[in-house]
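Accompanying notes for the structure given below.
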Amino acid sequence: MKNALNWFEIPVTDFDRAKTFYEQVLDCTMETNEMEGIKMAFFPADWENGIGGGISKAEGHEPSDQGTLVYLNGGDDLSVPLGRVEAAGGKVIMPKTDIGPNGFMGMFMDTEGNKVAFHSDK
């Protein structure tokens, strides 16, 4: 096994609002797809190495600020995407925080009520 993680989905209730939020925060375009009753938009990913994820709207997919915490790549400096969170409709709940030799982390609530984090080396 190369990586413990190979796929993740962040549940949403308002698909268009959530897609716009993540596109603004990550400064990217997310490809939309629907399969087996699940509407999804995909984050930029390294498909060759099998690691990816996205947002999903489907029956039984409920946003939550409890449970699993997903860390998105904060790029060269997570303060950049973290700085876009509130303008895009989310809320920063932990500012950029030094975690020693492991880099930096910061957490936010997205527009759907999910607690999500960023990680970066700087």
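Kindly establish whether GLY37 is farther than 21 Å from MET107 by Cβ, surrounded by fewer than 13 Cβ atoms within 10 Å (Cβ to Cβ) and not aliphatic (A, V, I, L, M). Taking the combined requirement at face value, the residue satisfies it.
Please work out if LYS96 is in contact (Cβ under 8 Å) with a residue 12 or more places away in the chain, under 26 Å from LYS122 (Cβ atoms) and exposed (fewer than 12 other Cβ atoms within 10 Å of the Cβ). Spelling it out, it is not the case that LYS96 is in contact (Cβ under 8 Å) with a residue 12 or more places away in the chain, under 26 Å from LYS122 (Cβ atoms) and exposed (fewer than 12 other Cβ atoms within 10 Å of the Cβ). Mind checking whether some residue in the stretch 67-76 is acidic (Asp, Glu), more than 13 Å from the chain's Cα centre (by Cα) and either within 22 Å of LEU5 (Cα to Cα) or surrounded by 15 or more Cβ atoms within 10 Å (Cβ to Cβ) (or both)? Yes, that holds for at least one residue. Look at (1) more than 16 Å from VAL25 (Cα to Cα); (2) in contact with a strand residue (DSSP E or B) (Cβ under 6 Å, 6 or more places away or on another chain) and you find that GLY67 fails only one, number (2). Put simply, of SER56, SER79, SER120 the only residue that is of a type in the set (Ser, Thr, Tyr), over 28 Å from LYS2 (Cβ atoms) and surrounded by 13 or more Cβ atoms within 10 Å (Cβ to Cβ) is SER79.
Residue selection: THR13 satisfies the criterion of being surrounded by fewer than 17 Cβ atoms within 10 Å (Cβ to Cβ), more than 17 Å from PRO81 (Cα to Cα) and in contact (Cβ under 8 Å) with a residue 60 or more places away in the chain. When GLY50 is tested against (1) exposed (fewer than 15 other Cβ atoms within 10 Å of the Cβ); (2) closer than 23 Å to VAL12 by Cβ; (3) small (Gly, Ala, Ser), exactly one condition is not met: (2).
Of all residues in the stretch 16-34, those satisfying the criterion of being touching a residue at least 24 places away in the same chain (Cβ under 8 Å), within 18 Å of MET109 (Cβ to Cβ) and not basic (Lys, Arg) are ALA18, THR20, PHE21, TYR22, GLN24, VAL25, LEU26. Only a single criterion out of (1) among the hydrophobic types (A, V, I, L, M, F, W, C); (2) over 14 Å from the mean Cα position of the chain (by Cα); (3) under 27 Å from PHE104 (Cα atoms) is not satisfied by ALA88, namely (2). Of the candidates LYS57, LYS39, LYS115, the single residue that is basic (Lys, Arg), under 12 Å from the mean Cα position of the chain (by Cα) and at pLDDT 95 or above is LYS115.
The values are calculated or read from the model by the stated rules, or taken from the named source; none is laboratory data. This structure is a prediction, so every number in the text was calculated from the model and none was measured. Cβ sites come from the backbone with ideal geometry, for glycine too, and all protein chains shown count toward neighbours.
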